[in-house]
Amino acid sequence: MTDLITLSLLAFGWWYLYRPRKQSRRDWYRNVYLWSPHWRATRARKLKQVGYKCQACGVGGRLDVHHKNYQRVGRERMSDLEALCRACHRKEH
């Protein structure tokens, strides 16, 4: 049942993401996708893969998982993601 809910959320999200308005895509990404069980599991896998350290400076602590590109949102490869501390994440943007 949980998988069906996750799939429904992602299907709705893809429709919502690829609507013509850019602001709506960003809103969906921030307010729906980043809170989904799929993203939380993907983020946890990435953090575990890099040993809970920033990939830019090597510091531990609170880390963000940054999308290098948004082409595969919802079906990300680990190579599409980068674990960064807040300072390095700000520099990246």
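The values are calculated or read from the model by the stated rules, or taken from the named source; none is laboratory data. Keep in mind the model is a prediction, meaning the values are calculated, not measured. Cβ atoms come from the backbone with ideal geometry, glycine included; neighbour counts cover every protein chain shown. Heavy atoms of the whole protein, side chains included, go into the accessibility calculation; ligands, DNA and RNA do not. Shrake-Rupley method; radii C 1.70, N 1.55, O 1.52, S 1.80 Å.
Some notes on this structure:
- Residues whose amide H lies under 5 Å from that of Val59, counting only those 5 or more places away or on a different chain, are Cys54; hydrogens are built 1.01 Å from N in the peptide plane.
- Placed amide H near His66: partners under 5 Å, 5+ positions off or other chain: Glu82, Ala83, Leu84
- Mean Cβ neighbour count within 10 Å, used as a protection proxy, ranking 25-34, 78-87 highest first: 78-87, 25-34
- Counted charge near Cys88, where neighbours are those whose Cβ lies closer than 12 Å (Asp, Glu -1; Lys, Arg +1): +2
- Distance in nm between pseudo-label sites at Ala11 and Lys53 (7 Å out along the Cβ direction from Cα): 4.3
- Calculated accessible area for the chain comes out at 69 Å² per residue, all protein chains present (probe 1.4 Å; ligands, DNA, RNA ignored).
- Acute angle (nearest 10 degrees) that the helix 2-17 long axis makes with the longest principal axis of the chain, alpha-carbon atoms: 90
- Of the options (i) 25, 16, 10; (ii) 37, 15, 11; (iii) 24, 16, 15, only one is semi-axes √(5λ) of the Cα gyration tensor in Å as computed from these coordinates, and that is (i).
- Each residue of segment 48-54 is assigned a 3J(HN,Hα), and the resulting list reads 5, 4, 9, x, 6, 10, 4 Hz, derived from the Karplus form 6.51 cos²θ - 1.76 cosθ + 1.60 (θ = phi - 60°), x at Gly and Pro.
- In order along segment 62-74, the Karplus-derived 3J(HN,Hα) couplings, from 6.51 cos²θ - 1.76 cosθ + 1.60 at θ = phi - 60°, round to 6, 10, 9, 9, 9, 7, 6, 8, 10, 5, 10, 4, x Hz, and Gly and Pro are given as x.
- When a 1.4 Å probe is rolled over the protein heavy atoms, the share of accessible surface on the chain that falls to carbon and sulfur comes to 55 percent.
- Note, ³J(HN,Hα) from phi for segment 39-45, Karplus 6.51, -1.76, 1.60, rounded to Hz, x at Gly and Pro: 5, 4, 5, 5, 4, 4, 4
- Between Val32 and any residue 5 or more places off or on another chain, the built amide H atoms are never under 5 Å apart.
- Ordered by 1.4 Å accessible area with all protein chains kept, Cys57, Cys88 run largest first as Cys57, Cys88.
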